[in-house]
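Shown next, in structure tokens, is the structure this report addresses.
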Amino acid sequence: MAAAPHIIQVAVPTPLHRVFDYLSPVSLAPGVRVRVSFGRREVVGVVVDEVERSDFPRDRLKPVSQSLDTDPILPPLLLDLLRWAADYYHHPLGEVIQTALPVRLRQGRPGVISGVVAWALTHDGRTVDPEMLKRAPAQKRLLQALASAPEGLDANQMKQVSSRWAAALKVLRAKEWVSSHMRDSQPVFDGNIQKSPELNPGQKSAVAAITTGLGQFRPYLLHGVTGSGKTEVYLNVIEQLLAQGKQTLVLVPEISLTPQLVGRFERRFRIPIAVLHSALNDQERLNAWLAAREGKAPIVLGTRSAVFTPLKRPGLIVIDEEHDASYKQQDGFRYSARDVAVMRASREKIPIVLGSATPSLESLRNAREGAYTLLELPDRTGGAGMPEVRLLDMRRLKPSEGLSLPLREAIAARLAKGEQSILFLNRRGFAPVWMCFDCGWVAPCRRCDAQLTLHQKRQKLMCHHCGAEQETARQCPSCHGENLHPLGEGTERVEGALQKFFPTARIERIDRDSTARRGVLEEKLRRVHEGEADILVGTQMLSKGHDFPNVTLVGILNADQGLYGTDFRSAERLFQMIMQVSGRAGRADKPGEVLIQTWHPEHPLFNALQRHDFHGFAGFALAERRETGYPPYTHLALLRAESPAPGAALKFLHEARALAVSQAGKDVQITAPVPAPMERRAGRYRAQLLVQSDKRAPLHVFLGQWVAAIADASLAKKVRWSLDVDPADMY
Ligand code: ADP
Ligand code: ZN
Ligand code: ZN
């Protein structure tokens, strides 16, 4: 008689909150992918356990159709982390595992590196002069192509460059001008580095603190203004880990905005960096993921979802700009990569460094209470001072197209000296309102509770919430008058105003509209860096990742928007944003100046900004959070619902609340359901319900029971709902 088959629990990609039992003739290790039939489909799932008994009769269990991996594709610690995340965020494990797997693995493709991916070791081509290769045209062309492809080229792309690419690549690799990542090449750190500058005392003690804790879970909060040398600290710590053969995972908010960072890592260590970002094709992404898993990539750099990249010999996690909101996924599996990373570090028993010029209040509180070690870099390197911050009292100044006279004078002074200015305005388009000056009608979006933004160059009214576009009305639909005008300013209008005020100035606008085409952003930034632009006007895209040493003036046009926002984090975000943009400007011999246009110059947030006093701001912001009962002093979860039927979402939330009240103990407060701040978006009516607790544990237990009860009660007809644990945005 054949041995009894094994009962295997499989997480399959489905919104159901459970795993499924299958039979297998052989034992299958957790982390192995399997193909199973699920309903009428075949799906790829991941083994999570083997059990003695199933809740289902054995003859109803189906066999595993195929096992796809000999060794677990997900290492045990990572699988545990995913289980923890599914539990913590009350999200189905099958979907959580999907998030962690590259597309090719989700499709059931083999987990092997294929193709050749090569990188030039110097992207700027400065240390290698292609002219030296005059007599080796294939090498020269390949090197030039690689030098202008920061993410490297695969075999097909190199074939396009030269039919003799393989031989050329071999020579270039031997010369150490190019590194590549092949099926069986194992790039090893060769000790050949570009030298680190002599560290200043703050950097030295930060590096010393972090490196004494290697091999243990130790969380650090590295606080230092932009340009204070945080990246240099990461690099020095990573250098020591490389020498020990350990891998580092570096998370950044957005790679397209930080190409300089990748270049800096590669130039320093002359090793390939596995970069995980959205522009990779599926095979490249799989290659990078596998290179990390197999220990071939000593440094793995990526955005949010890279937190789930397996590492064979993990040594360190770095979260750059840890306060950045993009670390929180805003739909589906709503995890915070920063928080998951801290949990991961604790499970892998490695240090984690959270770096920021403006740490989140959550992390700051952890540091103040001793859960994290606070490391401070108080000064900008190279003697550069902090810019002087001046408030322009808009109650007395009349702006012309958004620009006050003192700001225009300051720009003129920079133009006269050949220095650059940045104007920051968190609103794209020409004007946020298209209005009838006779009767007060404003153009609304038909599908959202929002006004349409005028985009003058495209001659369209556009909704920034649902993407709807329509022709610009010439006649008022309400009073039939023709006295329609734009009201307020967006980046497009300010750009036009600047052209009028400064006809000879070279102006670059940087926002999502002006940089939609691939390569345009890079080209614009290049012009700024090479001094081919005098004034930059843009949205918060400008606040991230770039240093502009020749910029000596930063103007903040509509700062007040954030002061009284609907979200309890509005002020925190505003402070972070202004600190970030101002930190990008100026250097030792050319100190910067920041001008903030405001109608509330007395606001304590601005006074803290004037003193560059992050801790002062954080002090009063934390006190306010404590008083009002918001994070980090309480824990929140938001149940969101939406439906095309008016009232359905609210009704659902009332029913969900009724289910909850019997289960919630005294430690959990459930507020009344309310319409979302913008109730209708893209034709759906949205509502939300806030759950709050001083203590994490009872909240967690309650949420687990509640989500199960909601799912069971099948209230959810016609309504899409989701639970957001630790919401980053309150709408
Ligand atoms: P951050 O990451 O805090 O913005 P960086 O590490 O990028 O700061 O440092 C800002 C600039 O100063 C970089 O050009 C860097 O090479 C340089 N730098 C950093 N530390 C030092 C140092 N100790 N001595 C000289 N230059 C330094
Ligand atoms: Zn009208
Ligand atoms: Zn809309």
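The values are calculated or read from the model by the stated rules, or taken from the named source; none is laboratory data. Everything numeric here is computed off the predicted structure, so don't read it as measured data. For neighbour counting, all protein chains shown are included, and Cβ atoms are generated from backbone atoms with ideal geometry for every residue, glycine included. Protein only, heavy atoms only, side chains kept; ligands, DNA and RNA dropped before computing areas. Shrake-Rupley method; radii C 1.70, N 1.55, O 1.52, S 1.80 Å.
Restricting to the stretch 585-612, count the residues that are open to solvent by less than 10 Å² (accessible area, probe 1.4 Å), hydrophobic (A, V, I, L, M, F, W, C) and in contact with a strand residue (DSSP E or B) (Cβ under 9 Å, 6 or more places away or on another chain).
So the answer is 6.
From the list A337, A371, A357, which one is of a type outside the set (V, I, T) and surrounded by fewer than 19 Cβ atoms within 10 Å (Cβ to Cβ)?
Working: A337 fails: surrounded by fewer than 19 Cβ atoms within 10 Å (Cβ to Cβ); A357 fails: surrounded by fewer than 19 Cβ atoms within 10 Å (Cβ to Cβ).
Selected residue: A371, the only one of A337, A371, A357 that is of a type outside the set (V, I, T) and surrounded by fewer than 19 Cβ atoms within 10 Å (Cβ to Cβ).
When you go through E624, E602 one by one, which is the residue that is at negative phi, acidic (D, E), outside the structural domain of S693 (by TED's automatic domain parsing) and part of a loop (DSSP other than H, G, I, E, B)? Spell out how you get there, then give the answer.
Values: E624 fails: part of a loop (DSSP other than H, G, I, E, B).
On inspection, the qualifying residue turns out to be E602.
Condition check ((1) open to solvent by less than 30 Å² (accessible area, probe 1.4 Å); (2) polar (S, T, N, Q)) across all residues:
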site: Q283; (1), (2): no, yes
site: A288; (1), (2): yes, no
site: R293; (1), (2): no, no
site: T303; (1), (2): no, yes
site: L311; (1), (2): yes, no
site: G315; (1), (2): yes, no
site: V318; (1), (2): yes, no
site: E321; (1), (2): no, no
site: D324; (1), (2): yes, no
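Looking at the stretch 465-472, can you tell me whether even one residue there is away from ligand 1 (no atom under 16 Å from the Cβ), in contact (Cβ under 8 Å) with a residue 24 or more places away in the chain and crowded, with 20+ Cβ neighbours inside 10 Å?
No, that holds for no residue.
Can you list the strands (runs of 3 or more DSSP E) found entirely within the stretch 197-310 that contain at least 3 residues being under 19 Å from E348 (Cα atoms)? Walk me through it before giving the result.
Numbers: elements: 219-224, 247-251, 273-276, 299-302.
Result: 219-224, 247-251, 299-302.
Could you run through the stretch 476-526 and say how many residues are in contact with a Phe, Trp or Tyr (Cβ under 7 Å, 6 or more places away or on another chain), of a type in the set (A, V, I, L, M) and more than 16 Å from ligand 2 (Cβ to nearest atom)?
0
State whether the residues of the stretch 390-406 include one that is open to solvent by less than 40 Å² (accessible area, probe 1.4 Å), more than 16 Å from ligand 1 (Cβ to nearest atom) and touching an Asp or Glu at 6+ places or on another chain (Cβ under 7 Å).
yes
Just checking, does the stretch 517-538 include any residue being touching a residue at least 12 places away in the same chain (Cβ under 8 Å), part of a loop (DSSP other than H, G, I, E, B), among the β-branched types (V, I, T) and farther than 18 Å from P591 by Cα?
Taking the stretch 517-538 and keeping what is touching a residue at least 12 places away in the same chain (Cβ under 8 Å), we get 521-522, 524-525, 527-529, 531-538.
Then keep just the ones that are part of a loop (DSSP other than H, G, I, E, B); that gives 531-534.
Going one step further and asking which of them are among the β-branched types (V, I, T), we end up with none.
No, the stretch 517-538 contains no residue that is touching a residue at least 12 places away in the same chain (Cβ under 8 Å), part of a loop (DSSP other than H, G, I, E, B), among the β-branched types (V, I, T) and farther than 18 Å from P591 by Cα.
Could you grab me the full set of residues in the stretch 399-439 that are under 16 Å from L536 (Cβ atoms) and of a type in the set (S, T, Y)?
S421
Just checking, does the stretch 581-592 include any residue being under 22 Å from the mean Cα position of the chain (by Cα), over 19 Å from S363 (Cβ atoms), part of a helix (DSSP H, G or I) and among the aliphatic types (A, V, I, L, M)? If you could, list the steps in order and put the result at the bottom.
First, the residues of the stretch 581-592 that are under 22 Å from the mean Cα position of the chain (by Cα): 581-584.
Now drop any that are not over 19 Å from S363 (Cβ atoms), which leaves 581-582, 584.
With part of a helix (DSSP H, G or I) added as a condition, the list becomes 581-582.
From what is left, the residues that are among the aliphatic types (A, V, I, L, M) are 581.
There is at least one residue in the stretch 581-592 that is under 22 Å from the mean Cα position of the chain (by Cα), over 19 Å from S363 (Cβ atoms), part of a helix (DSSP H, G or I) and among the aliphatic types (A, V, I, L, M).
So in the stretch 418-443, with the set limited to residues that are outside any strand (DSSP E or B) and closer than 22 Å to L557 by Cβ, which one is modelled with the lowest pLDDT?
If we filter the stretch 418-443 for residues that are outside any strand (DSSP E or B), which is where we start, we get 418-419, 425-430, 432, 437-441, 443.
Now drop any that are not closer than 22 Å to L557 by Cβ, which leaves 419, 425-430, 432.
Details: E419: 94, L425: 92, N426: 88, R427: 92, R428: 95, G429: 96, F430: 97, P432: 95.
Per the stated criteria, the residue is N426.
Looking at the stretch 622-629, is at least one residue closer than 30 Å to A708 by Cβ and surrounded by fewer than 20 Cβ atoms within 10 Å (Cβ to Cβ)? Let's see the steps before the verdict.
Going through the stretch 622-629, the residues closer than 30 Å to A708 by Cβ turn out to be 629.
Those still in the list that are surrounded by fewer than 20 Cβ atoms within 10 Å (Cβ to Cβ) too: 629.
Within the stretch 622-629 (the criterion being closer than 30 Å to A708 by Cβ and surrounded by fewer than 20 Cβ atoms within 10 Å (Cβ to Cβ)), the answer is yes, since at least one residue qualifies.
Would you pick out the residues in the stretch 542-577 that are open to solvent by less than 40 Å² (accessible area, probe 1.4 Å), over 24 Å from E624 (Cβ atoms) and at pLDDT below 85?
The answer is L542, G545, H546, F548.
Give me the strands (runs of 3 or more DSSP E) completely within the stretch 659-731, filtered to those with at least 1 residues that are of a type in the set (K, R), ordered by residue number. Steps first, please.
On the way: elements: 668-670, 674-681, 684-693, 720-725.
In the stretch 659-731, the matching strands (runs of 3 or more DSSP E) lie at 674-681, 684-693, 720-725.
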